[in-house]
Amino acid sequence: MTASDLPKSLTSPPPSVPNVLVSFPRDHVMLVTLNRPKALNAIPSVQHLAMSQLWEWYDSEPFLRCAVITGSGRAFCAGADLKEWDSRNALGSTNPDRGGALGMTTGGFGGLSNRSGKKPVIAAVNGLCFGGGMEIVVNCDLVVAADEKGVRFGLPEVKRGVVAIAGALPRLVHALGTRQRASEMALLGRTDYGAKEMKEWGLVNRVTERVEGEGGVVEEALRMAEEVASNSPDSVIVSREGIKLGMEGVGVERGTEWLHKGWYGRIDKGENMSEGVKSFVEKRKPSWKDAKLKTIAFLAAVAATLASAIELPAGVPRSLAEFREKHPYAPRIVGKRKIVQIRASADDTDDVADEFLEGLQSANNGGTLYLPKGKTFMIGKPLDLTFLNDIHVRLDGEIKFTNDTPYWQANAYRHPFQHSIMFWKWGGKNIKISGSGVLNGNGQRWWNEFAGKEILDPSNAYLRPILFYAQNATGLHIEGIHMKDSPCWTNFFVTSKDISFKDVACTAVSNNATALPKNTDFFDSLNVEKVRVERAWVDVGDDCFSPKSNATDLYINTMYCNNTHGQAMGSIGQYSGEKSFIKDVYIENVWMLNGPHGARLKTWAGPNIGYGFIDNVTFKNFWNGNNEYTAFLDPCYFNISASMCAAYPSQVNITNVLFENFSGTTSGKYGRAVARLTCSPDAVCENIRLKNFTVTSPCGDPPVIICDGIKDGIGTPCVNSTSPEATAALKATCTAPVATLPQPTTPW
């Protein structure tokens, strides 16, 4: 396909996919044709991720409203490429199609069998549909099949010693209506089910008389797609979300509640709803606008939709847009500086890393690199920026990293701490990055491929880059910008001092419910001094703020943390024989929503650990909504058993810690226990105090604070973890509503 063949309304061309033809035969409709007819359209391993990226592109293109997938030749798709599989077996290598790799990291087989997505896909089954092809069909929204002898369905995996692991099995009961039908198909391994039988079983919507020609299967599927595309794109997306809630086992009442308060609330009074009503009254055909709805991660969706949700205190922003209204960023006026500009990228494949480096070199020592609004600057190679001195970067556009994961894993910079890798490294003196633009880590592919893995697993070889890394930096200040979708940690500062963030946002939101962001902390550090954070909006899947070894003089004021693991000190004490510390920290005015913890101190235990201390830390004015423990001293980090922790306790002392003015409510995961402070038997924990601590539990009264090994108590009543009071409190679990946090109607 050439550029002239593409609809002019597309904002970008589709990604190239091997063995796949992409066309646009109707307005707002994409046709995807699997094109390995000699191999019966069996899909080789390399193709799954590429197809997943195609479907992600489809979801992101406002012009497109429906898609059709079919096959060339006599097969729709015969499943995995077994010849490739056999070759890998002969070489003794692991087959990438096995296990959860497909289903959990790329949207599944062909990018579809485990896809969530937001727009409908119609399967036009033109021939043999076995194995992975069947798994694709089971997860499509609509299915058309031809009533010809060559059109057959089946899951023959059991006859080949493998399993349909890419998403079909859990969905099969829903698709076929009964366990018995699902069991027949999955356990017998037959491949002789015809189109009419599948229609009787509920898998197929329409049956055509023939495969090709007038009234053929693709023609009928395109007709249905055109009909879908003629409806309100907003209504189609929201209706599909409601159906997905039912497929995912959400109860009718709760699902309706979620839909009404979440997705429906985002189209109510919108331009398409207004147009639909107006066109009906005026007796004319509606003129729809392309959908502006964005897919959102599961926790964010829940947070937006529970009717009985916890309300935030008055005046607290509930979205990025409200945060920006409450805390507007006004660029500071500076003296005359040399202004440097560079060319922007033409598309997402146009790497301007060399130009970016040259721009910084030119603006160094007193100038400003200006990246204007509406322009994107793609970075596709590592950059060493440790030479900077007295430089400003005005970011009103977007800096975006390419998502060529194999390239970055082979070429990114490295740091030994937790096997970190980085896109680039900044350093020097008097560096300011400010503006209303976006620093985009393009993390979705990284999250997809990392799903099911753990960053601290010693066997994990899948490393993900940090979005912003600085070393040996003094006077580095970041203001106004949006740090978005980092593959791993968002910020990592090493051996640096005088670091500040003001009026910034940090988000990581997945479009794949099976591959949520992980380890996307807003802030991590090693050997830092004098850090300031003032007014930050953080919505990520991990720590909101988490300085690590050797941090001193930290001041945090006004942070809104949703879907995070808390304001955390540490973890520290990880490395054998190494002394580490955190001291002189003051954190105030924090809103903690929908996460494991509020304020947390993490220290390592185990046979090969270090030692050190955490001293002089204040957590003040914390409001909690739907957090597990609102104050948590955790001496058994990371992920070790109680017996291992007891045998090899933490050796980090914790002293002079104050939790003051804590309010709100917990999630109920730990029953009536609202805080837990546990001291390691091999450490000293003293002068740890709770003051004006009024957190409640949704599981009833009284709320209980658990404390063990704290010298001279905590200044408020608490009970030992082995006490009857603690046992009863922990047993009284319940499910709390999620803190209301609707997403903005327009992205910022």
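Considered as a group, the residues in the stretch 65-79 that are assigned to a strand (DSSP E or B) and of a type in the set (A, V, I, L, M) include one that is farthest from residue 155 (Cα to Cα), and that residue is 67. State whether the residues of the stretch 220-234 include one that is assigned by TED's automatic domain parsing to the domain that holds residue 125 and at positive phi. Within the stretch 220-234 (the criterion being assigned by TED's automatic domain parsing to the domain that holds residue 125 and at positive phi), the answer is no, since none of the residues qualifies. It is to be established whether one or more residues within the stretch 216-224 are farther than 29 Å from residue 169 by Cα and not in a helix (DSSP H, G or I). Scanning the stretch 216-224, I find at least one residue that is farther than 29 Å from residue 169 by Cα and not in a helix (DSSP H, G or I), so the answer is yes.
Run down 598, 664 and say which single residue is among the small types (Gly, Ala, Ser), crowded, with 24+ Cβ neighbours inside 10 Å, assigned by TED's automatic domain parsing to the domain that holds residue 684 and touching a residue at least 40 places away in the same chain (Cβ under 8 Å).
None of the other options fit; the residue is 598.
In the stretch 532-546, which residues are hydrophobic (A, V, I, L, M, F, W, C) and either assigned to a loop (DSSP other than H, G, I, E, B) or surrounded by 24 or more Cβ atoms within 10 Å (Cβ to Cβ) (or both)? 536, 537, 538, 540, 544, 545 - these are the residues of the stretch 532-546 that are hydrophobic (A, V, I, L, M, F, W, C) and either assigned to a loop (DSSP other than H, G, I, E, B) or surrounded by 24 or more Cβ atoms within 10 Å (Cβ to Cβ) (or both).
Among the listed residues 108, 71, 79, 99, identify the single one that is within 30 Å of residue 194 (Cβ to Cβ) and modelled with pLDDT under 90.
Matching residue, one of 108, 71, 79, 99: 108.
Quick check on the stretch 566-589. Is at least one of its residues surrounded by 23 or more Cβ atoms within 10 Å (Cβ to Cβ), touching an Asp or Glu at 6+ places or on another chain (Cβ under 8 Å) and not in a strand (DSSP E or B)? Yes, some residue in the stretch 566-589 is surrounded by 23 or more Cβ atoms within 10 Å (Cβ to Cβ), touching an Asp or Glu at 6+ places or on another chain (Cβ under 8 Å) and not in a strand (DSSP E or B).
Restricting 183, 116 to residues that are closer than 30 Å to residue 293 by Cα and not assigned by TED's automatic domain parsing to the domain that holds residue 447 narrows the list to 116. The residue list 301, 314 contains one member that is outside the structural domain of residue 562 (by TED's automatic domain parsing), part of a loop (DSSP other than H, G, I, E, B) and either modelled with pLDDT of 60 or more or in contact with a helix residue (DSSP H, G or I) (Cβ under 8 Å, 6 or more places away or on another chain) (or both), which is 314.
In the stretch 205-214, is there at least one residue being polar (S, T, N, Q), surrounded by 13 or more Cβ atoms within 10 Å (Cβ to Cβ) and farther than 18 Å from residue 136 by Cβ? Yes - at least one qualifying residue is present in the stretch 205-214.
If you go through the stretch 369-412 and keep only what is assigned to a strand (DSSP E or B) and surrounded by fewer than 18 Cβ atoms within 10 Å (Cβ to Cβ), you end up with 383, 384, 386, 387, 389, 390.
Considering the stretch 255-286, the residues that are over 17 Å from residue 243 (Cα atoms) and among the polar types (S, T, N, Q) include one that is modelled with the highest pLDDT, namely 279. For the stretch 126-171, the tally of residues that are over 30 Å from residue 227 (Cβ atoms) and within 27 Å of the chain's Cα centre (by Cα) stands at 3. For residue 359, the conditions (1) more than 19 Å from residue 485 (Cβ to Cβ); (2) in a loop (DSSP other than H, G, I, E, B) all hold with the exception of (2). Within the stretch 645-677, being touching a Ser or Thr at 6+ places or on another chain (Cβ under 7 Å) and of a type in the set (A, V, I, L, M, F, W, C) holds for 652, 658, 662, 674, 675. On the given criteria, is residue 435 in contact (Cβ under 8 Å) with a residue 40 or more places away in the chain, closer than 17 Å to residue 391 by Cα and assigned by TED's automatic domain parsing to the domain that holds residue 387? Considered against the rule, which asks whether it is in contact (Cβ under 8 Å) with a residue 40 or more places away in the chain, closer than 17 Å to residue 391 by Cα and assigned by TED's automatic domain parsing to the domain that holds residue 387, residue 435 comes out as yes. What's the number of the condition residue 704 fails, among (1) touching an Asp or Glu at 6+ places or on another chain (Cβ under 7 Å); (2) more than 19 Å from residue 627 (Cβ to Cβ); (3) not charged (D, E, K, R)? Residue 704 satisfies every listed condition except (2). Among residues of the stretch 404-425 that are over 20 Å from residue 549 (Cβ atoms), those with a beta-carbon under 9 Å from a residue that is among the charged types (D, E, K, R) and surrounded by fewer than 13 Cβ atoms within 10 Å (Cβ to Cβ) at least six positions away or on a different chain give the pairs 424/384. Out of 202, 177, one residue alone is out of contact with any strand residue (DSSP E or B) (no Cβ under 7 Å at 6 or more places or on another chain) and closer than 24 Å to residue 111 by Cα. It is 202.
Total residues in the stretch 148-191 satisfying the condition of being in a helix (DSSP H, G or I), at pLDDT below 90 and in contact with a Gly (Cβ under 8 Å, 6 or more places away or on another chain): the figure is 2. The criterion of being closer than 19 Å to residue 78 by Cβ and of a type in the set (Gly, Ala, Ser) does not hold for residue 177. When the stretch 23-64 is filtered for residues that are part of a strand (DSSP E or B) and touching a Ser or Thr at 6+ places or on another chain (Cβ under 8 Å), the ones remaining, listed by number, are 23, 30, 31, 32, 33, 34. Checking each residue in the stretch 16-66 for being closer than 23 Å to residue 449 by Cβ and either in contact with a Phe, Trp or Tyr (Cβ under 8 Å, 6 or more places away or on another chain) or of a type in the set (Gly, Ala, Ser) (or both) picks out 16, 34, 42, 43, 45, 48, 50, 52, 60. A count restricted to the stretch 392-411 and to residues that are touching a strand residue (DSSP E or B) at 6+ places or on another chain (Cβ under 6 Å) and farther than 19 Å from residue 348 by Cα stands at 3.
Of all residues in the stretch 516-531, those satisfying the criterion of being in contact with a Ser or Thr (Cβ under 6 Å, 6 or more places away or on another chain) and either outside the structural domain of residue 415 (by TED's automatic domain parsing) or in contact (Cβ under 8 Å) with a residue 60 or more places away in the chain (or both) are 516, 517, 520, 526. Identify, please: which residue in the stretch 547-565 is of a type in the set (Val, Ile, Thr) and part of a strand (DSSP E or B) and is, among those, nearest to residue 611 (Cα to Cα)? So the residue we want is 552.
The values are calculated or read from the model by the stated rules, or taken from the named source; none is laboratory data. All values derive from a computational prediction rather than experimental measurement. When we count neighbours, we look across all protein chains shown, and the Cβ atoms used for this are built from the backbone with ideal geometry, even at glycine.
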